[in-house]
Amino acid sequence: MTTDTSKLTQLGRSVEGATNPEEAVLERVPNPRRDALYLARFTAPEFTSLCPVTGQPDFATLVIDYAPDEWVIESKSFKLFLQSFRNHGAFHEDCTVYVGQRIVERAQPRWLRIAGYWYPRGGIPIDVFWQTGPAPEGLWVPDTGVSPYRGRG
């Protein structure tokens, strides 16, 4: 199946990244396998944002699983969207849920879940999980593959 990419503004082009998530363009393309129930996964092991209080960097591994319907997220725009958080101040919960909600808003998947595994600040790791509801019956949803924080033990 050939996908028309003529309406995409970032794929195959040199583009400046957005300076904040609200301005970032998240693009979609038609799902080439709309007839199949399947799970697509994005794993971002180097997600970065800023603490809104101290301005110090926060780091996380994000795992986004979604069951596409009519659309899939175009991966270059997704990468640029995540990069837009690098100078953005927001709490862990806000960043994690916002990423999930933007994908849902843009791609309207059958189902989505996001897991944000944040590295400790002040000695406390914060893991944030959000999903749109129960997974569709028959959808294989593997474990995220990220272990809970265990410190040095």
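Tabulated results
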read-out	value
Total residues in region 127-152, condition more than 17 Å from the chain's Cα centre (by Cα), farther than 17 Å from Tyr66 by Cβ and not small (Gly, Ala, Ser)	4
Among residues of region 103-121, those that are in contact (Cβ under 8 Å) with a residue 60 or more places away in the chain, among the hydrophobic types (A, V, I, L, M, F, W, C) and closer than 14 Å to Val63 by Cβ, counted	2
Pairs where the first residue, in region 89-102, is closer than 15 Å to Arg121 by Cβ and at pLDDT 95 or above and the second is of a type in the set (Phe, Trp, Tyr) and assigned to a strand (DSSP E or B), C-beta under 6 Å, 6+ apart	His92/Trp118
Residue among Leu50, Leu62, Leu26, Leu37 that is in contact with a helix residue (DSSP H, G or I) (Cβ under 6 Å, 6 or more places away or on another chain) and of a type outside the set (S, T, N, Q)	Leu26
Among the residues listed as Phe78, Phe47, the single one being in contact (Cβ under 8 Å) with a residue 60 or more places away in the chain, surrounded by 21 or more Cβ atoms within 10 Å (Cβ to Cβ) and under 26 Å from Thr19 (Cα atoms)	Phe47
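The values are calculated or read from the model by the stated rules, or taken from the named source; none is laboratory data. Since we're looking at a predicted model, the values are computed, not measured. Here Cβ is always computed from backbone atoms with ideal geometry, including for glycine, and neighbour counts include all displayed protein chains.
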